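Single-structure report; data block below.
The values are calculated or read from the model by the stated rules, or taken from the named source; none is laboratory data. Being a predicted model, the structure only gives us computed values, none of them experimental. Please note: Cβ atoms are built from the backbone with ideal geometry, for glycine as well, and neighbour counts cover all protein chains shown. The accessibility values were calculated without ligands, DNA or RNA, using every heavy atom of the protein model including side chains. Shrake-Rupley method; radii C 1.70, N 1.55, O 1.52, S 1.80 Å.
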Amino acid sequence: MTRDTALAASEQYFDSGDFQSDLAALVEYQTESQNPDQRPELYRYLEQAMLPRLEAAGFSCSIHDNPDPNGGPLLIGERIEDPALRTVLTYGHGDVIRAQTEQWRDGLHPFRLIEEGDRLYGRGTADNKVQHLINIAALEAVIAARGKLGFNVRIVLEMSEETGSAGLPEFFRAHKDELAADVLIASDGPRLQPDRPTLFMGSRGGISFDLELELRDGAHHSGNWGGLLADPAMILSHALASICDRRGQIQIPEWRPDSLTPAIREALKDLPVEDGDGPAVDTDWGEESLTPAECVYGWNSFAILAMTSGVPEAPVNAISAKARATCQLRYVVGTDPDDILPALRRHLDRHGFKAVQIRPHDRGFFRATRLDPDHEWVRFAIASLERTSGKSPHVLPNLAGSLPNDSFTDILGLPTIWVPHSYRGCSQHAPDEHVLKPLCRDALRGMAGLWWDIGEM
C-alpha cells in the first residue's frame, strides 16, 4: 500500500493494452454535439460508457436532462468515503467537435482509433475523452493500491462543451449542493511541451460576433455603377482595420486589459510558446512591447474568422450590396466582458462607421478566469507532479483558449486547477486529431500520484 504501488498500477493499465482498448471503445461513440442527428449518442456515451465504469469504482451516479433544450445530458457521480474528508470535484466532456470525416487522411477515420507509431488517431483522443479516461483510470489505480482514495470525489460529465456548454451554468445553480467541493482538479487543453506536465488555473474568455454592412437591395453592374455606389466590402475592411493596427495591436482602449501585473509577468517568464509541431510564431505580430507568452496568456487578441462579400466561389462583375465579417475577441481577466460590444460600438461610431452593425452570436462563450499561481492548491499540485515526473511543471495563470471554468469559479466558488493531457500539435478541432502514447502513460502516472498525495494530505 504505497505510492509506488499506485504508480505501477497506472503503468500496468497502459502497458497491458487496456488503456488503448478502453480509449478505442470511447472513440467509437459518435458524440458530435454540433450534429442534431447524433443526440442519442450523447445519452449512450453516459449511459453505456461512463455510468457502469464509475459505479464499478464505487460512485453513485445520476444522469440528467439539460435545462437548456439545446444542450446534451449531464452526469453527476460521487464517491463519499467520509464527510469529514476533503472533497475534490473533477470534470470532463464526452462530446466532440464535428467529425469532418471526408477531410481525414487516407487510412484514418474519426470514430475508429488508429495507431501509427506513438500516435493514436480519432475524434476525442485529445479533446476530451482521453483526458477524463486518464483521470478516472488514475483514481481506479489508487483505489486498487490503497483500498480507498482517502478523500471524497465528485465528478460531472457534460455533453455540450463543444457548443458552448449550453445549460451548464443553470445546471450548476440547480445542483450546487451535489457539486460542493474544496477544489476542482480536471483536465482539458494541451501541455506546453509533450514531455513535461502543465498546470493552468483559468482560461481566457471569448466572445464572437458578426460585423455587417448592408447598403442596398441587390448587387449592381460594376461597369455601370462602379465609382457611383459605395462598396460595402471596402468600407467594412476599413472598419476592421480601425480595430487593430497592421501588426494586430488592439486600438480600442477598453479592450486593452490592465491586469498584466509584475506577478503575472513573472509567472509567464520563460514559458515556451512553440513545441516543434505547430507553425512558427510570427515575431512581428501582436503587441510589440510584450513577449510571445505575454501576448497569448496575458493579453487580449482579436481575430477575423471569416469574411464574405458577393459570391467568392463565383464572382461576377457587380458592386455587392452587403459585406459581413465573423470576428472573435479572446480576453483575459481585467477586461469588462459586459462592455466589450458597447466599447466596440462606441469605437466604430467615433471612426465614422455608424452604419456597420454588430450582431452577437447566439452561442455564448466563457468568461475569463484566473487563480493566483501561489495558491496553496496550486503549490500542492506542482509538488506532486514534480515528484512523479522529476520535472518542474509549466504553470500558467490561465489557458490561452476558453473553457467553462467560470461556472466552477463564479457559481460553485472553487479554486480551479487543470492538468492537461494532450499537446499543442494534436490537431484538436481539426481532421487527424490524435494523442501521443508516451504522454498518456506519463499523464496516468502523474494523476495517480496526484490522487494518492491528496489522500495523504
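Here region 47-64 is the region considered, the condition is being of a type outside the set (A, V, I, L, M) and touching a strand residue (DSSP E or B) at 6+ places or on another chain (Cβ under 8 Å), and the residue that is surrounded by the most Cβ atoms within 10 Å (Cβ to Cβ) is PHE59. Quick one: is TYR13 within 21 Å of THR90 (Cβ to Cβ), out of contact with any Gly (no Cβ under 6 Å at 6 or more places or on another chain) and in contact (Cβ under 8 Å) with a residue 60 or more places away in the chain? Considered against the rule, which asks whether it is within 21 Å of THR90 (Cβ to Cβ), out of contact with any Gly (no Cβ under 6 Å at 6 or more places or on another chain) and in contact (Cβ under 8 Å) with a residue 60 or more places away in the chain, TYR13 comes out as yes. Does at least one position in region 368-387 carry a residue that is of a type in the set (A, V, I, L, M, F, W, C) and under 19 Å from PRO253 (Cα atoms)? Yes; the residues of region 368-387 include at least one that is of a type in the set (A, V, I, L, M, F, W, C) and under 19 Å from PRO253 (Cα atoms). Counting only residues that are under 16 Å from the mean Cα position of the chain (by Cα) and among the charged types (D, E, K, R), region 403-436 holds 3 of them. Picking from residues in region 217-247 that are among the aliphatic types (A, V, I, L, M) and in a loop (DSSP other than H, G, I, E, B), the one that is surrounded by the fewest Cβ atoms within 10 Å (Cβ to Cβ) is LEU228.
Would you point out which residue out of LEU290, LEU305 is assigned to a strand (DSSP E or B) and under 30 Å from HIS394 (Cα atoms)? When all the criteria are applied, what remains is LEU305.
Residue count for region 301-337 satisfying the condition of being closer than 30 Å to SER222 by Cα and of a type outside the set (A, V, I, L, M, F, W, C): 11. Return yes or no: is GLY72 surrounded by 18 or more Cβ atoms within 10 Å (Cβ to Cβ), assigned by the TED database to the domain that holds PHE171 and assigned to a strand (DSSP E or B)? No, not satisfied. When ILE114 is tested against (1) more than 19 Å from the chain's Cα centre (by Cα); (2) open to solvent by less than 50 Å² (accessible area, probe 1.4 Å); (3) within 20 Å of ALA381 (Cβ to Cβ), exactly one condition is not met: (3).
Looking at region 11-28 only, could you name the residues that are among the charged types (D, E, K, R), assigned to a helix (DSSP H, G or I) and either at pLDDT below 95 or open to solvent by 60 Å² or more (accessible area, probe 1.4 Å) (or both)? ASP15, ASP18, listed by residue number.
Residues that are in contact (Cβ under 8 Å) with a residue 40 or more places away in the chain and small (Gly, Ala, Ser) within region 82-131 comprise GLY92, GLY94, ALA99, GLY122, GLY124, ALA126, listed in sequence order. Taken across region 279-300, residues that are without any contact (Cβ under 8 Å) to a residue 24 or more places away in the chain and among the aliphatic types (A, V, I, L, M) do occur, with at least one present.
Of the candidates LEU329, LEU371, the single residue that is surrounded by 14 or more Cβ atoms within 10 Å (Cβ to Cβ) and within 21 Å of ALA306 (Cα to Cα) is LEU329.
Out of all the residues in region 144-159, is one or more acidic (Asp, Glu), surrounded by fewer than 23 Cβ atoms within 10 Å (Cβ to Cβ) and either in the same structural domain as GLY17 (by the TED database) or modelled with pLDDT under 95 (or both)? The answer is no; no qualifying residue exists.
Screening GLY124, GLY77 for residues that are assigned to a loop (DSSP other than H, G, I, E, B) and either open to solvent by 10 Å² or more (accessible area, probe 1.4 Å) or modelled with pLDDT of 95 or more (or both) leaves exactly one candidate, GLY124.
Between THR283, THR308, the distinction of being β-branched (Val, Ile, Thr), open to solvent by 30 Å² or more (accessible area, probe 1.4 Å) and over 24 Å from ILE207 (Cβ atoms) belongs to THR283 only. Restricting attention to region 399-419, the residues that are in contact with a helix residue (DSSP H, G or I) (Cβ under 6 Å, 6 or more places away or on another chain), at pLDDT below 95 and not aliphatic (A, V, I, L, M) add up to 1. Scanning region 293-302 for residues that are in a loop (DSSP other than H, G, I, E, B) and touching a helix residue (DSSP H, G or I) at 6+ places or on another chain (Cβ under 6 Å), we see that the one that is surrounded by the most Cβ atoms within 10 Å (Cβ to Cβ) is GLY298. Considering GLU212, GLU254, the condition of being of a type outside the set (Gly, Ala, Ser), touching a residue at least 40 places away in the same chain (Cβ under 8 Å) and open to solvent by 40 Å² or more (accessible area, probe 1.4 Å) is satisfied by GLU254 alone.
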